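The values are calculated or read from the model by the stated rules, or taken from the named source; none is laboratory data. Keep in mind that this is a model prediction, so the values were computed, not measured. FYI the Cβ positions are ideal-geometry reconstructions off the backbone, even for glycines, and counts take in every protein chain you see. These accessible areas exclude ligands, DNA and RNA; they are computed on the full protein's heavy atoms, side chains included. Shrake-Rupley method; radii C 1.70, N 1.55, O 1.52, S 1.80 Å.
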Amino acid sequence: MERLEHHASFGGWQSVYRHHSAVLNCAMNVGIYLPPQASNQRCPVLYWLSGLTCTEQNAITKAGLQQHAAKYGLIVVAPDTSPRGEGIVDSEDYDLGMGASFYLNATQPPWAAHYRMYDYVVQELPTWVENNFPATNARSIFGHSMGGHGALVIALRNPGRYRSVSAFAPVVAPSKVPWGQKAFQAYLGDDQLSWQPWDTCALIQSAPERLPLLVDYGDADQFLTTQLRPELLQAACEAANHPLTLRLQPGYDHSYYFISSLMGEHIDWHGAALLD
Ligand SMILES: N[C@@H](CCC(=O)N[C@@H](CS)C(=O)NCC(=O)O)C(=O)O
């Protein structure tokens, strides 16, 4: 592995590493925030998943997460959002291919060879983090938009693996909205039954663990009614009696201004679970 960046931040260190991913069959950039506490003890790990068009840079430069992670002594891991680089298939569209992995394991050509972000985030990345940094095996996960979808799906599919989960403006019913339908058709094929294990609202119905969800949306989010559909999450959670804190935050749009404004509250949520 190679360290590409290293910056002092709130008493700790914000770095970017590049390592080889065997699962994705390419090099991956990963943002790693080590809080001040990591200089003399092992710390729990909070995984962040960004949205469409993002790399590891968006969260580490714009989410304002470091000050809050430093307060609780949390390592924050922010990987790139898809396989990337020469030899990786892409599309000309911003919502398919690089920067648009949807955090699933693709089954369809030409995507299946590299687009396996689910296995990368759930298995390979934590193993790499826990072997190379002063991390405990206490983990939580959160994300934004496509990354909020990734965080919710990953937590729901892996009972016991995450202490807490939260999301900013997540896509919660990808099978029913244009971003998700386009990506799932390409990555998973036409059979919509194969989409269900990647759809938060579908997973909620039979979740083996009722891990509480914290979910924020801005009421001025330009994607709210077309792509995000929070009312579908609310209905799915009500039907399954799944614990949900769903908030519509007045004035906020879909941007990192929204994320950074609520970041402290989300890290309070994860800090409480991880330091329990
Ligand atoms: N480019 C797309 C939207 C892409 C977008 O809003 N991406 C969000 C995540 S879904 C993001 O975080 N963009 C990067 C940023 O704001 O730093 C469009 O204009 O329709």
Residue check, ASN137 modelled with pLDDT of 95 or more, open to solvent by 10 Å² or more (accessible area, probe 1.4 Å), out of contact with any helix residue (DSSP H, G or I) (no Cβ under 7 Å at 6 or more places or on another chain) and more than 16 Å from the ligand (Cβ to nearest atom): no
Out of the residues in the stretch 213-236 that are among the aliphatic types (A, V, I, L, M) and more than 16 Å from the ligand (Cβ to nearest atom), state the one that is farthest from GLN249 (Cα to Cα). ALA236
Select, from TRP198, TRP269, the only residue that is open to solvent by 30 Å² or more (accessible area, probe 1.4 Å), of a type in the set (Phe, Trp, Tyr) and away from the ligand (no atom under 15 Å from the Cβ). TRP269
For residues that are among the aromatic types (Phe, Trp, Tyr) and in a helix (DSSP H, G or I), scanning just the stretch 235-259, find the one that is least open to solvent (accessible area, probe 1.4 Å). PHE258
What are the residues in the stretch 89-109 that are within 14 Å of the ligand (Cβ to nearest atom) and either at positive phi or open to solvent by less than 50 Å² (accessible area, probe 1.4 Å) (or both), if any? SER91, ASP95, LEU96, GLY97, MET98, GLY99, ALA100, SER101, PHE102, TYR103
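Residue by residue, here is whether (1) surrounded by 20 or more Cβ atoms within 10 Å (Cβ to Cβ); (2) modelled with pLDDT under 95; (3) within 16 Å of the ligand (Cβ to nearest atom) holds:
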site: GLY11; (1), (2), (3): no, no, no
site: SER15; (1), (2), (3): no, no, no
site: ASN25; (1), (2), (3): no, no, no
site: MET28; (1), (2), (3): yes, no, no
site: SER39; (1), (2), (3): no, no, no
site: VAL45; (1), (2), (3): yes, no, no
site: LEU52; (1), (2), (3): yes, no, yes
site: THR61; (1), (2), (3): no, no, yes
site: HIS68; (1), (2), (3): yes, no, no
For ILE154, state whether it is more than 14 Å from the ligand (Cβ to nearest atom) and within 17 Å of PRO197 (Cα to Cα). yes
Going by the structure shown, is ASP191 charged (D, E, K, R) and buried (at least 21 other Cβ atoms within 10 Å of the Cβ)? no
